[in-house]
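A short write-up of the structure that comes next.
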Amino acid sequence: MNAEIIAVGTEILLGQIVNTNAPFVAKRLADLGIDVYYQSVVGDNQQRLTAAIKLATTRSNLVILIGGLGPTKDDLTKQTVAAFLGKKLQSEPVALKKIESYFAETHKTMTANNRLQALYIADSLPLKNETGFAVGDFYRDPAKTDFLLLPGPPSEMQPMFVKQAIPQLQKTYLNQHVLASRVMRFFGIGESMIAAKLADLIDQQTNPTLATYAKENEVTLRLTATGQSDLAATKLLDQLEKAVNNRIGDYFYGYGDDNSLAKVVVNLLKQQGLSITAAESLTAGKFQATLADVPGVSQVFPGGFVTYSKAAKKSLLGIPTEIVDRYGVVSSQTAEWMAKRAQALLQTDIGVSFTGVAGPAKLEGQPAGTVWIGLSFKDQPVESQVFHFSKTRPFIRERTVLTGLDWIRRKLVK
C-alpha cells in the first residue's frame with residue numbers, strides 16, 4: 001500500500017509559509033504501514049493541479065491532497081478532483097448549518113462562496129471539520145486510486161486527519177486489524193550503523209516492520225505491527241524489540257516521539273532522589289538550559305556555574321591556580337576539579353563539567369572538537385573522559401551536552 005501527498009497552495013511555493021502538514025501526515029501514515037513514495041507542492045492552478053493528480057494516479061494507491069478547500073477563488077482542490085473523477089459536488093447539511101449558524105451568531109453577512117466549504121464529492125465520505133468549516137473527503141475506488149482531501153490550516157487538518165481520516169484508513173486498508181507502533185530512541189550510533197546491524201531484520205520485514213529515522217545527533221527506530229488484537233500486536237512488537245536490543249541495545253535510551261535524553265535523565269534523578277549541578281566552559285550554560293527545558297527539573301537541579309575563562313574557574317569554583325596553569329583548561333585535571341568543586345559548592349549528589357575547544361581555532365594546542373567531560377558522583381571517585389567531535393561550533397557544543405547526558409544516564413541505570 002503506497003500513498004502520495006500533494007500540498008496545494010501558491011503560498012507554499014513562494015516560501016510564505018512552511019509546509020508542516022506533509023511531515024505530519026507522512027509520519028502517521030508510516031504508523032499505519034502505508035508507504036509515502038512521493039510528495040509534491042502545486043500552486044493554486046487548476047490545470048497544473050489536474051496534471052499532478054493524473055500523474056499521482058499512475059503510481060499511488062492513495063492520493064492525499066492538503067489545502068485548497070476554502071471559500072476563495074483560488075481554493076480549487078475539491079472542484080479539480082471532482083472534475084477529474086467525473087463526479088458532482090454536493091452539500092453536507094450539518095456542515096452547512098454550522099456555517100450558517102456562525103454568521104447568524106456573529107451578525108456577519110454570509111456570501112455565497114462561504115457555502116463552498118460545505119461541499120464534498122458525490123459518493124465520497126465527508127469528513128467532519130471540528131475546528132473549521134471546510135469539509136474533508138475520503139473517496140474510495142477499489143478498482144482505481146483512492147483520494148483523501150484535507151484542509152490546509154494545521155489547526156483544522158491535524159484533528160480531522162487524526163480523528164476522522166485515520167479510523168477510515170484503518171478500516172479500509174487494515175481489514176479491521178489492530179495496529180500498534182513503538183518508537184525507540186538511540187544515542188551514540190549513526191543511522192548507517194543501525195541499518196547495517198539490523199539489515200536482515202529490515203530486508204525480511206513483513207509484520208512487524210521497522211524503519212530508521214535520522215535526527216540531529218540521534219536516531220529513532222519506529223516499530224509497527226498489526227494483529228487481531230492489541231495483545232497480538234504488542235507481542236509482535238516485543239519480539240522485534242528484543243531482537244533489536246540484542247544488537248544495538250547499548251545505545252537505546254528511551255521510547256516515544258516526544259522524548260529526549262534530558263527528560264530521561266531528569267526522570268531518573270527524580271526516581272532515585274538525586275540532585276545535580278554543572279560547571280560549564282565551552283558549552284556556556286547549554287547543558288543547564290537543556291535540563292531547564294524539562295518541567296519539574298527544579299526538584300533535582302538547584303543551579304550551576306558558567307565558568308568560561310580561567311579567572312572564572314578560579315574565582316567561582318575555587319580551582320587552584322596551579323591546576324589550571326599547569327594542565328590548562330582543556331585537560332582531565334581541570335574537568336575533574338570543575339565537577340567536584342561544583343558538586344561541593346551546591347552540595348548535590350552529582351556534579352558534571354564541560355571544558356574543551358568549540359572552535360574554530362585551536363586552544364592550548366588542542367584542535368577544535370577536543371572535549372573533556374568530568375563527572376563526580378557522591379561518595380565515588382571523580383571521573384573524566386575525553387571526546388573528539390567534528391563539524392561546526394554549534395554541533396560540537398550540542399554533541400557535548402548530549403554526550404554528558406548520556407554518560408549520566410548510563411551511570412544512573414547501573
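Figures for the structure shown
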read-out: Criterion: closer than 20 Å to residue 121 by Cα, open to solvent by 50 Å² or more (accessible area, probe 1.4 Å) and modelled with pLDDT of 95 or more - qualifying residue of 46, 39, 16; value: 46
read-out: Test: residue 37 is in a helix (DSSP H, G or I), of a type in the set (Phe, Trp, Tyr) and in contact (Cβ under 8 Å) with a residue 24 or more places away in the chain; value: no
read-out: Qualifying positions in the stretch 275-298 - open to solvent by less than 20 Å² (accessible area, probe 1.4 Å), touching a strand residue (DSSP E or B) at 6+ places or on another chain (Cβ under 8 Å) and without any contact (Cβ under 8 Å) to a residue 60 or more places away in the chain; value: 285, 291
read-out: From 142, 126, residue being part of a strand (DSSP E or B) and within 22 Å of residue 84 (Cβ to Cβ); value: 126
read-out: Some residue of the stretch 299-313 being buried (at least 22 other Cβ atoms within 10 Å of the Cβ), of a type in the set (D, E, K, R) and either in contact (Cβ under 8 Å) with a residue 24 or more places away in the chain or not in a loop (DSSP other than H, G, I, E, B) (or both); value: yes
read-out: Residue that is modelled with the lowest pLDDT [pool: residues in the stretch 67-86 that are in a loop (DSSP other than H, G, I, E, B) and within 15 Å of residue 6 (Cβ to Cβ)]; value: 75
read-out: Those residues of the stretch 68-101 which are in contact (Cβ under 8 Å) with a residue 40 or more places away in the chain and small (Gly, Ala, Ser), in sequence order; value: 68, 70, 82, 95
read-out: Single unsatisfied condition, residue 202 versus (1) out of contact with any Leu (no Cβ under 9 Å at 6 or more places or on another chain); (2) within 30 Å of residue 405 (Cβ to Cβ); (3) of a type in the set (Val, Ile, Thr); (4) without any contact (Cβ under 8 Å) to a residue 40 or more places away in the chain; value: (1)
read-out: Wholly within the stretch 160-271, helices (runs of 4 or more DSSP H) carrying at least 1 residues that are of a type in the set (A, V, I, L, M, F, W, C) and open to solvent by 60 Å² or more (accessible area, probe 1.4 Å); value: 191-197, 230-248
read-out: Matching residues in the stretch 169-193 - criterion: being touching a helix residue (DSSP H, G or I) at 6+ places or on another chain (Cβ under 6 Å), hydrophobic (A, V, I, L, M, F, W, C) and modelled with pLDDT of 90 or more; value: 186, 187, 189
read-out: Hits in the stretch 124-159 - residues which are over 15 Å from residue 97 (Cα atoms) and of a type in the set (Gly, Ala, Ser); value: 124, 136, 143, 152, 155
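The values are calculated or read from the model by the stated rules, or taken from the named source; none is laboratory data. Because the structure is predicted, anything quoted here is derived from the model rather than measured. Note: ideal-geometry Cβ built from the backbone for every residue, glycine included; neighbour counts use all protein chains shown. The protein model used for the area step is the full one, side chains on, heavy atoms only, and it has no ligands, DNA or RNA in it. Shrake-Rupley method; radii C 1.70, N 1.55, O 1.52, S 1.80 Å.
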